[in-house]
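Worksheet for the structure shown next.
The values are calculated or read from the model by the stated rules, or taken from the named source; none is laboratory data. Treat the numbers as computed from the prediction; the structure is a model and nothing was measured. Here the Cβ positions follow ideal geometry from the backbone for every residue, glycine too, while neighbour counts run over all protein chains shown. Accessible surface is based on the protein model in full, side chains and every heavy atom, while ligands, DNA and RNA are left aside. Shrake-Rupley method; radii C 1.70, N 1.55, O 1.52, S 1.80 Å.
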There are 2 protein chains.
Amino acid sequence: MKRFILFFACLTSISLVAAQEVLNWKDNEIVSPIVNADNTLTISLFAPDAKKVELTGNFLYAGKDTSDKYADGDWSPQLMNKDETGRWTLTTAPLKPEFYSYNLIVDGVKITDPKNIYTVRDIGNTYSVALVGGGVDGLYAVKNVPHGTVRKVWYDSPTAGIKRRMTVYTPAGYETSNRRYPVLYLLHGMGGDENAWEELGRATQILDNLIAEGKAEPMVVVMPNGNISQEAAPGEGSSGLVTAALRYPKTMDGNFEKAFPDIIQFVEKAYRVKKDKANRAVAGLSMGGFHSIYIALNNPDAFDYIGLFSAAFSQMSKDGDRLSPIYQNIDEKFKTLCKKSPKLIWIGIGKDDFLSQDDEKLRAALDKESYKYVYLKTKGGHTWRNWREYLTIFAQKIFKH
Amino acid sequence: MKRFILFFACLTSISLVAAQEVLNWKDNEIVSPIVNADNTLTISLFAPDAKKVELTGNFLYAGKDTSDKYADGDWSPQLMNKDETGRWTLTTAPLKPEFYSYNLIVDGVKITDPKNIYTVRDIGNTYSVALVGGGVDGLYAVKNVPHGTVRKVWYDSPTAGIKRRMTVYTPAGYETSNRRYPVLYLLHGMGGDENAWEELGRATQILDNLIAEGKAEPMVVVMPNGNISQEAAPGEGSSGLVTAALRYPKTMDGNFEKAFPDIIQFVEKAYRVKKDKANRAVAGLSMGGFHSIYIALNNPDAFDYIGLFSAAFSQMSKDGDRLSPIYQNIDEKFKTLCKKSPKLIWIGIGKDDFLSQDDEKLRAALDKESYKYVYLKTKGGHTWRNWREYLTIFAQKIFKH
């Protein structure tokens, strides 16, 4: 044991050179965030020299109304309290179970919580995260259940002319079973990438837990990169660790939808999946909802389940100087799609979502064909909080045949 | 296009609530880090209210000697320069190609670079990272070559009594080929986990690039979690997003080595791999080197290739009140192992490594059996800079038969 301690001491003193500066013990003893027993969250920072430290996050603060389960939270910076040792602290109001994001603002510099190793990136912003109460119904937590595999795989897209990266979830037991599985194609929004549903959407945890509870069918979930000009998420492609401001690639010109069959082809060759309409679903959030409906409209025999989460619908841009055929003859395509009676078109949107006009247009097109979609209007706006919840609902409704 | 811009504007103004505060344009225009044409690195922070901003990283600074390719860098904080707009900047000396880590210290608070979305976590510390010159010989960069798949998979360990998470790399083409591949088991050091070789070790990029250049055989690389009491890396297991100070689990008591056959068994069932000694390698850094040599000594028919990177050797601790059988009869086990003539035992260590006594003892045990190992002494100490490079060398020497 003495040897072990010596080894430990050596590692600590030599390997971790960066940690060598003698940090103040008052800093070292800080744990942040702390999820308290009453589901309040205490966030702390040791910064004796700072004049002002604020907290900004998508939760609510003590003294504010927390009755709205779907509230988007209050990102307005809240002043933290400084004690005589130089420690700044803030405790939130009791929080609804959720996967929360926050930053600290130290004398005007927005940072992640140095004591919290858990972060997520959303486009160009990096947030510290905290999981309160396991998220909605505990579904966002890693539980002691059988776990699926998450892989980052590159596929060839002859239509796009490049190799591209995607995330593929296979359910627990896939590696050692011989069965074939249905496939959900799950698409991200503008500015997102093939990591978004896994990192921000907690898709792995949601699927693991729903499948373990018998509430969702074991399924393969394919999460491609919807920015057709990109190989991969920032840092994962050959353009390197790009640090210039992240931009929104132009992606709603029909080219992603046009190249989508390349993805299906690869998936149905590389994985043990079922290859018919009854065993394919496509769903997406915002731009991914836009992609989903146009992919379904242009491939009316491909999907029995279509999920549209806060979907865009009318934001197509031209491909060069023409509108892609993908976006043409839409009335006729709705007629064809609806005639083929997909088992479920599920639409979810928050009452404060800025895409409510798109939502109305989309539903009008389905109403015109007298198609009975399922519609859920929730509280809140255009947020991951809603999209995670929509996934938990949609995933329970598909492949039940 | 107008619609597209509108949509973009809406997303920017509504979806990204956290980015809504009107940031100073002087902050918005900062890009950090910038890799300059001469391989210097310019790091910037907009912090007009800060009294002191320092940079600490494993690179060297202008005016300091940079002739030592293997130098561990100089983590001592360097004062950055403030201009009249409130922007703090520092430009390093020209840097050797490498995957660098750094932090900023703002009035005593150590943070990651808010403008840099790329970070790595090493035990309890999170660093911003920058890739200069593609790393050693460009091997650490994502290049436009065929890419392998990286997956996070859970396997059952009956010996440990839990399900555990590991990282498995399969080479480009695995999904659609029918061939079987050799396997490298690649082990991390103390405080690391199943993510370490991928995130800190650039193992995916190294393997992709070496295989694409024909310098390494296409192989499966299995990166398990060496802390046998853990299910998974922090945040990935059922203990949740633990934010207490990360500790070193007690792991050199023989139980990881004892349960190792569970890993081989799962891998040889779940993946298309070759299942003989000639097609198995085991290698690891520090504690992972310790694990590797004891796994090889206790399974002398299992591996033809053994890689020991800055390996520990004599730090075993007791399992309860007894020394595990794994660590007993070592002289005899060395005799047996060497008699069975594994094709390669490769040892690499830095001249400043604190484990040099272990290195001597390990080599003495092999010398006693007149086994001709391959030995590389490099500059530098107990660092990922060395371990990444050792992997590039070792990977080129295995499975060439």
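Can you pull out the GluC sites (Glu not before Pro) in region A:117-220 whose DSSP state is coil and whose Cβ has at most 16 other Cβ atoms within 10 Å? Before the final figure, lay out the partial values.
Numbers: sites: A:GLU175, A:GLU194, A:GLU198, A:GLU199, A:GLU213; in loops: A:GLU175, A:GLU194, A:GLU213.
Answer by residue number: A:GLU213.
Given a 1.4 angstrom probe, what's the average accessible area per residue across region B:306-351, in square angstrom?
Details: 1940 Å² over 46 residues.
On a per-residue basis, region B:306-351 sits at 42 Å².
Name the shape class, rounded, prolate or oblate, that the alpha-carbon gyration tensor gives for region A:108-262, where a ≥ b ≥ c are the square roots of its eigenvalues, rounded holds for a/c under 1.5, and otherwise prolate holds if a/b is larger than b/c and oblate otherwise. All intermediate terms of the calculation are to be shown ahead of the outcome.
Values: a/c = 2.18, a/b = 1.09, b/c = 2.00.
Taking the square roots of the gyration eigenvalues as a ≥ b ≥ c, region A:108-262 is oblate.
Ballpark to the nearest 100 Å², how much total accessible area do B and A bury together, probe 1.4 Å? Display every interim value, and only then the final one.
On the way: alone 18600 and 18630 Å², together 29640 Å².
Summed over both sides, the interface buries about 7600 Å².
With +1 on each Lys and Arg Cβ and -1 on each Asp and Glu Cβ, how big is the dipole of chain A about its Cα centre, in debye rounded to the nearest 20?
Working: 50 positive and 47 negative charges, 237 e Å.
Charge dipole of chain A: 1140 debye, to the nearest 20.
Write down the radius of gyration of chain A and its Dmax, each obtained from C-alpha positions, in Å.
Cα only, chain A: 23.2, 78 Å (Rg, Dmax).
For B:ILE162, list long-range residues whose amide hydrogen, built 1.01 Å from N in the peptide plane, is under 5 Å from its own amide hydrogen.
For B:ILE162, the qualifying residues are B:SER157.
Roughly speaking, to the nearest percent, how much of region A:132-251's 1.4 Å accessible area is carbon and sulfur? The partial results should precede the final answer.
Numbers: 1640 of 3630 Å².
Ligands and nucleic acids excluded, carbon and sulfur reach 45 percent.
Using a cut-off of under 11 Å, list every residue of region A:310-349 whose amide N is near the label point 7 Å from the Cα of A:LYS377 along the Cα-to-beta-carbon line.
The answer is A:349, whose backbone nitrogens lie closer than 11 Å to the label point.
Per residue of A:120-133, what is the mean number of Cβ atoms on other protein chains within 10 angstrom of that residue's Cβ? Before the final figure, lay out each step's value.
Values: counts 0, 3, 5, 6, 4, 5, 8, 1, 1, 2, 3, 3, 1, 0.
Average neighbour count from other chains, rounded to a whole number: 3.
Sorted by packing (mean other beta-carbon atoms within 10 Å per residue), highest first, where do B:319-325, A:294-300, A:233-239 land? Mind dumping the intermediate values first?
Numbers: B:319-325: 12.0, A:294-300: 21.6, A:233-239: 18.1.
Taking the mean over residues of other Cβ atoms within 10 Å, the ranking is A:294-300, A:233-239, B:319-325.
Quick one: 3J(HN,Hα) in Hz for region A:173-186, Karplus 6.51/-1.76/1.60 with θ = phi - 60°, rounded, Gly and Pro as x.
x, 3, 4, 10, 8, 10, 7, 9, 10, x, 10, 9, 8, 10
Assuming a ≥ b ≥ c are the square roots of the Cα gyration tensor eigenvalues, decide whether region B:23-133 counts as rounded (a/c under 1.5), prolate (otherwise, with a/b larger than b/c) or oblate.
Values: a/c = 1.61, a/b = 1.43, b/c = 1.13.
Because a/c hits 1.5 or more and a/b exceeds b/c, region B:23-133 counts as prolate.
I'd like to verify something in chain B: which complete DSSP H helices, judged by Cα projection on the helix axis, reach 30 Å or more and average at least -1.0 on the Kyte-Doolittle scale?
Working: long enough: none.
The qualifying helices: there are none.
Highest GNM mean-square fluctuation, chain A, Cα pairs closer than 10 Å: which of A:ILE330, A:ILE293, A:ILE306?
In this elastic network of chain A, the residue with the biggest mean-square fluctuation among A:ILE330, A:ILE293, A:ILE306 is A:ILE330.
Under unit Cβ charges (Lys, Arg +1; Asp, Glu -1), what dipole magnitude, rounded to 20 debye, does region B:23-133 have relative to its Cα centre?
Details: 11 positive and 15 negative charges, 25 e Å.
Dipole about the Cα centre, nearest 20: 120 debye.
Of all DSSP beta bridges in the protein assembly as shown, what percent run antiparallel (nearest 5)?
On the way: 88 of 136 bridges.
Taking every DSSP beta bridge within the protein assembly as shown, about 65 percent pair in antiparallel fashion.
Could you pull out the pairs from B:LYS152/B:LYS372; A:LYS335/B:LYS152; A:LYS250/B:LYS143 whose alpha carbons sit more than 32 Å apart here? Before the final figure, lay out each step's value.
On the way: B:LYS152/B:LYS372 36 Å; A:LYS335/B:LYS152 42 Å; A:LYS250/B:LYS143 23 Å.
Where the Cα-Cα span goes over 32 Å, the pairs concerned are B:LYS152/B:LYS372; A:LYS335/B:LYS152.
Quick one: putting +1 on the C-beta of Lys and Arg, -1 on the C-beta of Asp and Glu, what dipole do you get for the protein assembly as shown around its Cα centre, in Debye to the nearest 20?
Working: 100 positive and 94 negative charges, 472 e Å.
Using Cβ point charges on Lys, Arg, Asp and Glu, the protein assembly as shown gives about 2260 debye.
Suppose all protein chains stay in the model; what accessible area per residue would a 1.4 Å probe give for region A:215-282, in Å²?
Here the per-residue accessible area is 35 Å².
Residue by residue through B:144-152, how many Cβ atoms from other chains fall within 10 Å of the Cβ on average? Don't jump to the answer; show the numbers that get you there.
On the way: counts 6, 2, 3, 12, 3, 7, 4, 9, 8.
Average per residue, whole number: 6.
Just for chain A, what percent of DSSP beta bridges are antiparallel, to the closest 5? Before the final figure, lay out each step's value.
Values: 43 of 67 bridges.
Given both bridge residues lie in chain A, the antiparallel proportion sits at roughly 65 percent.
Classify region A:114-185 as rounded, prolate or oblate from the Cα gyration tensor: take a ≥ b ≥ c as the square roots of its eigenvalues, call it rounded if a/c is under 1.5, otherwise prolate when a/b beats b/c and oblate if not. Could the numbers behind the result be given before it?
Values: a/c = 2.74, a/b = 1.23, b/c = 2.23.
Oblate is the answer for region A:114-185, as a/c is 1.5 or above yet b/c matches or exceeds a/b.
Find how much the distance from B:SER370 to B:GLU213 grows on full extension, using 0.36 nm per residue of separation minus their present alpha carbon separation; answer in nm with one decimal. Working shown, then result.
Values: separation 157, 0.36 × 157 = 56.52 nm, distance 3.48 nm.
Difference between extended and current length: 53.0 nm.
For region A:82-231, build the charge dipole from Cβ charges (+1 Lys, Arg; -1 Asp, Glu) around the Cα centre, then report which of A:VAL129, A:VAL109, A:PRO224 sits farthest towards its positive end.
It is A:PRO224, whose Cα lies furthest towards the positive end.
As a test of the formula, what do you get for chain B when each DSSP H run with n ≥ 4 contributes -39,500 (n - 2.57) and the sum is divided by the residue count, at 222 nm and rounded to the nearest 500 deg cm²/dmol? Walk me through the numbers on the way to the answer.
Working: 9 runs with 90 residues, N = 401.
Taken over chain B, the calculation gives -6500 deg cm²/dmol.
Within 10 Å, count the other beta carbons around each residue, average over each peptide in A:282-288, A:344-350, A:268-274, and list them highest first.
A:282-288, A:344-350, A:268-274
7 Å from Cα along Cα→Cβ at both B:ASN178 and B:LEU79: what's the point-to-point distance in nm?
Here the modelled spin labels are 7.0 nm apart.
Summarise the partner chain shielding of A:347-358 as one whole number: the mean count of Cβ atoms from other chains within 10 Å of each residue's Cβ. The partial results should precede the final answer.
On the way: counts 0, 0, 0, 0, 0, 1, 2, 7, 5, 0, 0, 1.
The mean count of partner-chain Cβ atoms within 10 Å per residue comes to 1.
Using the structure shown, select from A:LYS333/A:LYS377; A:LYS275/B:LYS274; B:LYS277/B:LYS400 the pairs with a Cα to Cα distance greater than 20 angstrom.
Working: A:LYS333/A:LYS377 26 Å; A:LYS275/B:LYS274 30 Å; B:LYS277/B:LYS400 13 Å.
Too far apart for the 20 Å limit: A:LYS333/A:LYS377; A:LYS275/B:LYS274.
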